[in-house]
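Report on the following structure.
The values are calculated or read from the model by the stated rules, or taken from the named source; none is laboratory data. Please read all numbers here as calculations on a predicted model, not as lab measurements. No Cβ is skipped: glycine too gets one built from the backbone with ideal geometry, and neighbour counts run over all protein chains shown.
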Amino acid sequence: MVKEEMSSDVEMKDFDHLYKNGEDGDDDEMRARRTEQLIEYVHLYPNLNDLSLDEQMRKISIEIKSVEKNKRNWDCVFEVIGLNPVFLNTIRISIWNFVPTIAIEDVYFRRNTSSSFNNDYISSRLTLLPIDVDPSLFKFPSRTDPDARNSENCLVFHLNEQNLNDEPRKITSGDLRWRPIGGRQRSIPKTITVSHQNIPICTLKKNEEIDLIAHCVKGCGKIDAKFSPGFASYHFVSQIKLKNLDQISMETAHRIQNAFPHGVIDLIRNSDGRLMPKVVDAKLDHHTRSFLNFDDVRDSIEVRYYRDDVIFRIESFGVIDPIEMFNSAIKIVRFKAENLLSIISRKYDLFRKKSSSR
């Protein structure tokens with residue numbers, strides 16, 4: 001579990017210089033930061049360069065490509081150039097495992113007369129609901145007494161619904177009601193709810209009733225996947241070269257286009273009136289290898305991958321801003337690295353003292 005306290009010198013401003021806006025970014029400057037080291041398969045891990053970590057941090061550049069937020073999605077796509085993929089994978093894992101959120105931990109049933117949905121089923125549904133609240137407002141549960149709950153480490157939701165009609169009634173996440181504990185939680189200006197209000201929980205038939213109390217705590221994805229704030233993934237930018245196009249048929253041209261995701265290859269009519277494939281946006285390619293299955297296409301396509309030019313995508317479950325997830329993961333990685341260096345330093349000093357005393 002990530003400790004509540006972090007180093008005071010790790011601030012968001014430490015990473016502000018890395019970001020460039022996608023509209024104002026200079027592509028030539030971004031390309032200049034790339035080492036131009038290419039490989040044929042993405043799972044090869046050669047030594048990228050001999051640069052130190054400080055030199056890599058001076059070369060790194062991040063350009064935000066898109067930020068999308070609607071009722072279903074909240075994601076961010078950005079390009080990272082000049083950083084070893086090992087560090088990017090560490091950040092990806094940290095987003096999933098160590099960025100904390102609030103989730104339902106325990107459910108106490110007062111009454112459940114549903115003939116179709118038992119307590120275990122309803123509890124499982126409730127624990128996966130994303131709670132729309134800032135996790136920094138709360139502490140982690142006590143390690144010595146995990147069941148000790150108070151206003152600083154616990155949120156309480158109440159669900160009390162009954163169906164008095166002949167038609168079945170659908171109970172959704174919007175029926176959960178937050179019950180503040182103490183003056184501290186009552187002073188929170190924003191009403192705490194589930195981030196998505198229309199998630200089905202169960203269905204009640206006529207005269208059926210459900211009455212329960214749900215306790216929420218702070219946790220990380222390493223403890224349970226329900227605490228994960230979202231998904232993170234990345235792919236290496238492709239370099240796609242088309243060759244031997246003079247003798248290809250129209251059928252082969254369409255097959256080349258269909259071998260890649262939509263928008264990577266377009267068909268352009270040349271001066272002879274023939275449709276010829278052309279690479280439009282190689283960054284939309286996600287390590288496509290299906291073209292190797294066709295003999296007439298294989299000889300016309302060459303694909304390699306930049307090892308330090310990566311498209312990184314973060315998809316939030318609706319609670320934490322994707323960019324905030326990325327920044328939090330960087331701070332967590334830095335915090336863990338500083339702790340590791342401190343431990344190694346103490347062990348080394350202890351070893352030197354023992355060696356000198358002999």
Only listed residue being over 30 Å from S114 (Cα atoms) and touching a residue at least 12 places away in the same chain (Cβ under 8 Å), chosen from P200, P261 | P261
Examine the range 137-146 for a residue that is over 30 Å from the mean Cα position of the chain (by Cα) and acidic (D, E), and state whether such a residue exists.
-> yes
Output the residue which, of all residues in the range 92-133 that are free of Cβ contacts under 8 Å to residues at least 40 places away in the same chain and surrounded by 14 or more Cβ atoms within 10 Å (Cβ to Cβ), is nearest to M57 (Cα to Cα).
-> I93
Among the candidates K65, K20, which residue alone is modelled with pLDDT under 85 and part of a strand (DSSP E or B)?
-> K20
Restricting the first residue to the range 157-176 and requiring it to be closer than 13 Å to L212 by Cβ, which pairs with a second residue that is basic (K, R) and assigned to a strand (DSSP E or B) meet a Cβ separation below 7 Å and a spacing of at least six or different chains?
-> F157/R177; H158/R177
Within the range 297-338, restricting to residues that are surrounded by fewer than 15 Cβ atoms within 10 Å (Cβ to Cβ) and more than 24 Å from the chain's Cα centre (by Cα), the one that is farthest from P261 (Cα to Cα) is D299
The range 243-358: helices (runs of 4 or more DSSP H) wholly inside it with 1 or more residues that are modelled with pLDDT of 85 or more, under 30 Å from K69 (Cβ atoms) and of a type in the set (V, I, T) are 322-357
When the range 70-91 is examined, which residues are found to be under 16 Å from F335 (Cα atoms) and buried (at least 20 other Cβ atoms within 10 Å of the Cβ)?
-> I91
